[in-house]
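Heads up: the structure comes next, in structure tokens.
The values are calculated or read from the model by the stated rules, or taken from the named source; none is laboratory data. This structure is a prediction, so every number in the text was calculated from the model and none was measured. Backbone-built Cβ (ideal geometry, glycine too); neighbour counts: all protein chains shown. For the accessible areas, the whole protein counts, side chains as well, though only heavy atoms, and no ligand, DNA or RNA atoms are used. Shrake-Rupley method; radii C 1.70, N 1.55, O 1.52, S 1.80 Å.
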Amino acid sequence: RRSDHRTPLGRRDSDASSRRCGSTSGVMSESQQQDGFAIEQVLEAERCRLVLHGELDLATASILEAELRDVQARGVKQLMLDLSDLQFMDSTGLAILVREHQAADTNGHTISLRGKTPQVHRLFELTGVLDRFTFDDPESY
């Protein structure tokens, strides 16, 4: 049995809020897209996976920040950010990830990353934060 649900940014399906990360178990998918940046939210048993698509920069950072606040408000304890389809990330996007990592340490939840592209890997290296994060697939890129 497969449960797959997708909703664009701004549209609330009557069932959408009950199937978002932190509200049910099972596998669920919901997409939000704006300005060439999209976040797909996938609930996998106890973990919430946010799949980031496109470009995470100053213009789109508020979308990720809002999504992270929503996930935190739902009491998610295990968060994974999938960066495998992220074509670009600037220092604004990196700052969000660093803050989320610090919040995870403070709040007792876990955050891991997956799928860093060469550009994202280089950004993490140049800024000296590569070793701060746990990557589910450390050899990716």
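One table, with the values for the structure above:
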read-out	value
Evaluation of L79 against (1) surrounded by 16 or more Cβ atoms within 10 Å (Cβ to Cβ); (2) on the phi > 0 side of the Ramachandran plot (one fails), failing number	(2)
The range 82-95: number of residues that are in contact with a Lys or Arg (Cβ under 7 Å, 6 or more places away or on another chain) and open to solvent by less than 40 Å² (accessible area, probe 1.4 Å)	2
Of residues in the range 25-36 being open to solvent by 60 Å² or more (accessible area, probe 1.4 Å) and not in a strand (DSSP E or B), the one modelled with the highest pLDDT	D35
Enumeration of residues in the range 96-109 that are open to solvent by less than 30 Å² (accessible area, probe 1.4 Å) and among the charged types (D, E, K, R)	E100
Verdict on S112 being among the hydroxyl-bearing types (S, T, Y), touching a strand residue (DSSP E or B) at 6+ places or on another chain (Cβ under 8 Å) and open to solvent by less than 50 Å² (accessible area, probe 1.4 Å)	yes
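Let's see how each residue does on (1) at pLDDT 90 or above; (2) among the charged types (D, E, K, R):
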{"position": "A38", "(1), (2)": "yes, no"}
{"position": "V76", "(1), (2)": "no, no"}
{"position": "D90", "(1), (2)": "yes, yes"}
{"position": "G93", "(1), (2)": "yes, no"}
{"position": "R99", "(1), (2)": "yes, yes"}
{"position": "A104", "(1), (2)": "yes, no"}
{"position": "N107", "(1), (2)": "no, no"}
{"position": "L113", "(1), (2)": "yes, no"}
{"position": "E125", "(1), (2)": "yes, yes"}
